[in-house]
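I am attaching a structure below and will ask some questions about it afterwards.
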Amino acid sequence: MRTGIIDAYGNYEDVLRDIRRFTSLAHGSDVLTKALLGNYALLDRGRPLEDLRNSIFRTALARNSRCPLCERAQVCALDHFLPKNQFPEYSILADNLIPVCERCNRLKGDECDRADGLLMFHAYFDEFPDIETLFAEISIGNSVSIRYSLHRSDKVDNFTFGRIERQFKILGLFDFYQMEAVAELTDQIDLYDETYDSFGDSGLRSTLGALARGAERKGINHWKAALYRALSRNTEFCSGGYRKLLVPGP
């Protein structure tokens, strides 16, 4: 079994590239599955692999402790990218243990689309396309409303875009980002007031553009980058429409 696990570790990146071609080492053996799943407890406090768990969280702390799946909440749990119930041989493989927030860990669960091979993005091995894919749409009526959506560029292949769509659906990111965006804008309304009163709509547009560029340092498709890009392009918002942020929605 030891040799089989070592081989499985060596094949990990190949499994990520095309999970449809691989079957778990423990497939068909409840005894082996139970034994491999039991290894995960070795990461607990006071157990032999506690240092491995601590090291993974220290690395996340050095990268600002934000969840790599939603880019918002603090990490507090270890997610098995390839679910340990389906691939128990990877239950303690560091490359398969991703620090995430409680919400994303719960929503992702045992997600693993082996039929279509549409895995979510791996925080260690995958990079989100560096092409504008996430967009925010701003509507101003009686209040300001925000809606996020995905649009595929010709430079992004269908398979990659399918993975992006799947990740957003599983994690409920459209609604999550919408709520975060409303909170973000409400917190910043004093800044908008001061800027608009001093420099008018052009000054506010410039400020929003600067905020967009700052957010893009975290990635062109970070939810704040998409939000501030949309706001800076919205004439009505920059002309005083932002004040409707304080008007309760219907």
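Please identify the pairs in which a residue from segment 4-24 that is closer than 18 Å to Ala94 by Cα and in a helix (DSSP H, G or I) has its Cβ atom under 6 Å from the Cβ atom of a residue that is open to solvent by 30 Å² or more (accessible area, probe 1.4 Å) and among the aliphatic types (A, V, I, L, M), counting only partners at least 6 apart or on another chain.
Gly4/Leu25; Ala8/Leu25
Something else: Keeping to segment 191-224, report how many residues are within 30 Å of Glu165 (Cβ to Cβ) and in contact (Cβ under 8 Å) with a residue 40 or more places away in the chain.
So in segment 191-224, the residues within 30 Å of Glu165 (Cβ to Cβ) come out as 208-209, 211-224.
Subset that is in contact (Cβ under 8 Å) with a residue 40 or more places away in the chain: 218-224.
Number satisfying all stated conditions: 7.
Under 8 Å between Cβ atoms, which residue pairs at least 6 apart in sequence (or on different chains) link something in segment 163-188 that is within 14 Å of Asn221 (Cα to Cα) with a partner that is assigned to a helix (DSSP H, G or I) and polar (S, T, N, Q)?
Filtered contacts from segment 163-188: Leu173/Gln167.
Give the residue, chosen from Ser153, Ser143, that is hydroxyl-bearing (Ser, Thr, Tyr), open to solvent by less than 50 Å² (accessible area, probe 1.4 Å) and either within 30 Å of Asn54 (Cα to Cα) or in contact with a Gly (Cβ under 6 Å, 6 or more places away or on another chain) (or both).
Ser143
Is it true that Arg66 is under 22 Å from Cys104 (Cβ atoms), basic (Lys, Arg) and touching a residue at least 12 places away in the same chain (Cβ under 8 Å)?
No, not satisfied.
In addition: Please verify whether Leu118 is open to solvent by 20 Å² or more (accessible area, probe 1.4 Å), touching a Lys or Arg at 6+ places or on another chain (Cβ under 7 Å) and within 30 Å of Arg21 (Cα to Cα), treating the condition exactly as stated.
yes
How many residues, within segment 137-174, are in contact with a helix residue (DSSP H, G or I) (Cβ under 9 Å, 6 or more places away or on another chain), within 22 Å of Asp116 (Cα to Cα) and part of a helix (DSSP H, G or I)?
5
Any chance you could count how many residues in segment 156-174 are open to solvent by less than 20 Å² (accessible area, probe 1.4 Å) and under 12 Å from the mean Cα position of the chain (by Cα)?
Residues that pass the stated criteria total 5.
May I pose another question? So Phe125 clears everything in (1) farther than 30 Å from Ser239 by Cβ; (2) open to solvent by 80 Å² or more (accessible area, probe 1.4 Å) except one condition, right? Which one?
Result: Phe125 fails condition (2) only.
Taking the options Leu61, Leu52, name whichever one is open to solvent by 20 Å² or more (accessible area, probe 1.4 Å), outside any strand (DSSP E or B), at pLDDT 95 or above and closer than 30 Å to Gly219 by Cβ.
Leu52
Is segment 93-111 home to any residue that is free of Cβ contacts under 8 Å to residues at least 24 places away in the same chain, of a type outside the set (A, V, I, L, M) and out of contact with any helix residue (DSSP H, G or I) (no Cβ under 7 Å at 6 or more places or on another chain)?
Checking segment 93-111: at least one residue is free of Cβ contacts under 8 Å to residues at least 24 places away in the same chain, of a type outside the set (A, V, I, L, M) and out of contact with any helix residue (DSSP H, G or I) (no Cβ under 7 Å at 6 or more places or on another chain).
Can you tell me how many residues within segment 25-47 are open to solvent by 80 Å² or more (accessible area, probe 1.4 Å), farther than 16 Å from Arg2 by Cα and not in a loop (DSSP other than H, G, I, E, B)?
Residues in segment 25-47 being open to solvent by 80 Å² or more (accessible area, probe 1.4 Å), farther than 16 Å from Arg2 by Cα and not in a loop (DSSP other than H, G, I, E, B): 1 in total.
The values are calculated or read from the model by the stated rules, or taken from the named source; none is laboratory data. On a predicted model such as this, the values are computed, not experimentally measured, just so you know. Neighbour counts are summed over all protein chains in view; Cβ atoms, including those assigned to glycine, are modelled from backbone coordinates with ideal geometry. Ligands, DNA and RNA are stripped out before the accessible areas are found, and what is left, the full protein with its side chains, is counted by its heavy atoms. Shrake-Rupley method; radii C 1.70, N 1.55, O 1.52, S 1.80 Å.
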